[in-house]
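Student: The structure is given below, and queries will be raised subsequently.
The values are calculated or read from the model by the stated rules, or taken from the named source; none is laboratory data. Not measured: the values here are computed from a predicted model. Note that each Cβ is placed from the backbone with ideal geometry, even for glycine, and that neighbours are counted across all protein chains shown.
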Amino acid sequence: MDPEIDQGFGLANAHGVAGFTNGESLKEGKEWPYARVQRYFIRQTIDLGGEAEKVDADINQFAGSQTANRLVLTIGRFYIVDLFDTNKYANNPKSDFLNWSLINTGTFDVASDGWGTTYGAAAEWYQGRWTLRGGIFDLSATPAGGVSPAGGELEERHELWSQPGKLKITGFLSRGRAGEFADATALAAVTGQPADINAVRNYTSRPGASINLEQQVTQDLGVFARAGWADGAVEPWDYTDIDGTVSAGVSLIGRKWGRPDDTLGIAGVVNAISNAHEAFLNAGGLGIVVGDGRLPHPGLEDIFETYYSYAASRSTRLSLDYQFIANPAYNTDRGPVNAFAGRFHWQF
């Protein structure tokens, strides 16, 4: 079980940019502290042979051992991105990048509530240098509920220039009641009212796929890249308003300047939406986190982020983060935006 206490709201109530600036911000918020149990799950590892591996105790993980070849079953309430689309260098807003479209692929429309968790079950089969993952998860009540029955991922582990790396291909298929942008835009043209996706929802599917690379270059330097696509004809369910994305970055440990526990990260991401999605927003439609009432001059949403994580002690880190966002929410008439953040993280 993983309880937590939250308080506050995302910048601008977590609205105004598809690649939102803070992965620790929630779509829900309250002025006063409130408690939630974000994770409660059971995980069973079945050893299938191969070299024995020690497992150290960590957050949501008991110490023990496992074999290289194994089957891992997880059922309960958890973050889908605990298992899928993970990346060593860009995956945790508590310690590395903050932007939503850098910590995960922006098009990966994972089933989740306003806090990012959901109910589901997943299986992972580790065999040699390959891992195959699959799962079924509960979509949120909005747009109109359903399940994501075809979430899968293939992971390949390799060595390049004697350095470890991973390549992952992830796909999803969401099924439930959701609207098509073209239908909402056509209805708005008839009624003269702003486009309303709620009025055109039907039982439908939304597929998506992504590729995810992490590669250690030296003991201190790592690089990563992601690219993703999702069906831009159908509204996203649960994550954010992105139909296409490309991102890349580097992570550098500070050994060269005498700070072996510090980390410097630099990355960029380009997010896009489909023509149908653009027309919907220009007709006054509202997305999950974007929508200005009109989008007369659409453009790509370009984001640059850099952070420096300073290790004050083995358990304590201080970080400074900067993001530059051009064309926030795909609107060339807005921005650019400069976002600054500071983090204090204590883990024991």
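Student: Inspect all residues belonging to segment 55-74 and state whether any of them is out of contact with any Leu (no Cβ under 9 Å at 6 or more places or on another chain), more than 25 Å from Asn338 (Cα to Cα) and of a type in the set (Lys, Arg).
Tutor: There is no residue in segment 55-74 that is out of contact with any Leu (no Cβ under 9 Å at 6 or more places or on another chain), more than 25 Å from Asn338 (Cα to Cα) and of a type in the set (Lys, Arg).
Student: Considering only residues of segment 20-39 that are of a type in the set (Lys, Arg) and over 22 Å from Ile59 (Cα atoms), which is nearest to the chain's Cα centre (by Cα)?
Tutor: Of all residues in segment 20-39, those of a type in the set (Lys, Arg) come to 27, 30, 36, 39.
Add one more test, that the residue is over 22 Å from Ile59 (Cα atoms), and what stays is 27, 30.
On the way: Lys27: 13, Lys30: 23 Å.
Looking at the filtered set, the residue picked out is Lys27.
Student: Filter segment 325-336 for residues that are farther than 17 Å from Ser274 by Cα, in contact with an Asp or Glu (Cβ under 8 Å, 6 or more places away or on another chain) and either assigned to a strand (DSSP E or B) or not charged (D, E, K, R) (or both) and give the result.
Tutor: If the condition is that a residue be farther than 17 Å from Ser274 by Cα, in contact with an Asp or Glu (Cβ under 8 Å, 6 or more places away or on another chain) and either assigned to a strand (DSSP E or B) or not charged (D, E, K, R) (or both), then Ile325, Ala326 are the ones that fit.
Student: Quick one: is Phe348 surrounded by fewer than 16 Cβ atoms within 10 Å (Cβ to Cβ) and under 23 Å from the mean Cα position of the chain (by Cα)?
Tutor: For Phe348, the condition - surrounded by fewer than 16 Cβ atoms within 10 Å (Cβ to Cβ) and under 23 Å from the mean Cα position of the chain (by Cα) - is not met.
Student: Return the residue satisfying two criteria in turn: it lies in segment 173-187 and is over 22 Å from the mean Cα position of the chain (by Cα) and surrounded by 22 or more Cβ atoms within 10 Å (Cβ to Cβ), and of such residues it is farthest from Gly134 (Cα to Cα).
Tutor: First, pick out the residues of segment 173-187 that are over 22 Å from the mean Cα position of the chain (by Cα): 177, 179-187.
Within this subset, residues satisfying the condition of being surrounded by 22 or more Cβ atoms within 10 Å (Cβ to Cβ) are 179, 181, 184-185.
Working: Gly179: 26, Phe181: 29, Ala184: 33, Thr185: 35 Å.
Looking at the filtered set, the residue picked out is Thr185.
Student: Related question: Restricting to segment 116-146, what's the tally of residues that are modelled with pLDDT under 90, in a loop (DSSP other than H, G, I, E, B) and small (Gly, Ala, Ser)?
Tutor: Within segment 116-146, residues that are modelled with pLDDT under 90, in a loop (DSSP other than H, G, I, E, B) and small (Gly, Ala, Ser) number 5.
Student: Which condition breaks for Leu167 when tested against (1) in contact with an Asp or Glu (Cβ under 7 Å, 6 or more places away or on another chain); (2) modelled with pLDDT under 95; (3) surrounded by fewer than 19 Cβ atoms within 10 Å (Cβ to Cβ); (4) under 25 Å from Val269 (Cα atoms)?
Tutor: (2)
Student: Looking only at segment 304-339, filter to residues that are in contact with a helix residue (DSSP H, G or I) (Cβ under 9 Å, 6 or more places away or on another chain) and under 17 Å from Ile103 (Cα atoms); which one of those is surrounded by the most Cβ atoms within 10 Å (Cβ to Cβ)? It would help to see each step written out before you state the result.
Tutor: Start the filter on segment 304-339 by keeping residues that are in contact with a helix residue (DSSP H, G or I) (Cβ under 9 Å, 6 or more places away or on another chain), which leaves 305, 329-331, 334-337, 339.
Now narrow it down to the ones that are under 17 Å from Ile103 (Cα atoms): 305, 339.
Details: Glu305: 27, Ala339: 19.
If we take residues in segment 304-339 being in contact with a helix residue (DSSP H, G or I) (Cβ under 9 Å, 6 or more places away or on another chain) and under 17 Å from Ile103 (Cα atoms), then Glu305 is surrounded by the most Cβ atoms within 10 Å (Cβ to Cβ).
Residue by residue, here is whether (1) within 23 Å of Glu301 (Cβ to Cβ); (2) of a type in the set (Phe, Trp, Tyr) holds:
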{"site": "Gly16", "(1), (2)": "yes, no"}
{"site": "Glu31", "(1), (2)": "no, no"}
{"site": "Phe41", "(1), (2)": "no, yes"}
{"site": "Val55", "(1), (2)": "no, no"}
{"site": "Lys88", "(1), (2)": "no, no"}
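Student: Okay, moving on. Please go through segment 192-213 and pick out each residue that is farther than 19 Å from Ala111 by Cβ and out of contact with any helix residue (DSSP H, G or I) (no Cβ under 9 Å at 6 or more places or on another chain).
Tutor: Hits for segment 192-213 are Gly192, Ile211, Leu213.
Student: What residue, of Asn202, Asn212, is surrounded by fewer than 17 Cβ atoms within 10 Å (Cβ to Cβ) and over 14 Å from Leu281 (Cα atoms)?
Tutor: Details: Asn212 fails: surrounded by fewer than 17 Cβ atoms within 10 Å (Cβ to Cβ).
It is Asn202.
Student: Could you run through segment 312-330 and say how many residues are touching a residue at least 40 places away in the same chain (Cβ under 8 Å), of a type outside the set (Phe, Trp, Tyr) and under 15 Å from Gly299 (Cβ atoms)?
Tutor: Number of matching residues: 3.
Student: Looking at segment 52-63, which of the residues that are assigned to a strand (DSSP E or B) and within 16 Å of Glu124 (Cβ to Cβ) is nearest to the chain's Cα centre (by Cα)? Write out each step before concluding.
Tutor: Keep residues of segment 52-63 that are assigned to a strand (DSSP E or B), which gives 52-55, 58, 61.
Within this subset, residues satisfying the condition of being within 16 Å of Glu124 (Cβ to Cβ) are 53, 55, 61.
Numbers: Glu53: 29, Val55: 26, Gln61: 21 Å.
Going through the qualifying residues, I end up with Gln61.
Student: Filter segment 13-35 down to the residues that are under 18 Å from Asp321 (Cα atoms) and among the small types (Gly, Ala, Ser), then identify the one that is modelled with the highest pLDDT.
Tutor: Within segment 13-35, the first condition is being under 18 Å from Asp321 (Cα atoms), and the residues that meet it are 14, 17, 19-25.
Keeping just the survivors that are among the small types (Gly, Ala, Ser) gives 14, 19, 23, 25.
Numbers: Ala14: 86, Gly19: 95, Gly23: 89, Ser25: 81.
In this case the residue turns out to be Gly19.
Student: Same structure, new question: Could you tell me how many of the residues in segment 76-121 are among the hydrophobic types (A, V, I, L, M, F, W, C) and under 9 Å from the mean Cα position of the chain (by Cα)? Give the derivation first.
Tutor: First, the residues of segment 76-121 that are among the hydrophobic types (A, V, I, L, M, F, W, C): 78, 80-81, 83-84, 90, 97-98, 100, 102-103, 108, 110-111, 115, 121.
Imposing the further condition that a residue be under 9 Å from the mean Cα position of the chain (by Cα) reduces the set to 81, 100, 102-103, 108, 110.
Result for segment 76-121: 6.
Student: Only one of (1) surrounded by fewer than 22 Cβ atoms within 10 Å (Cβ to Cβ); (2) modelled with pLDDT of 95 or more is not met by Glu301, so which one is it?
Tutor: (1)
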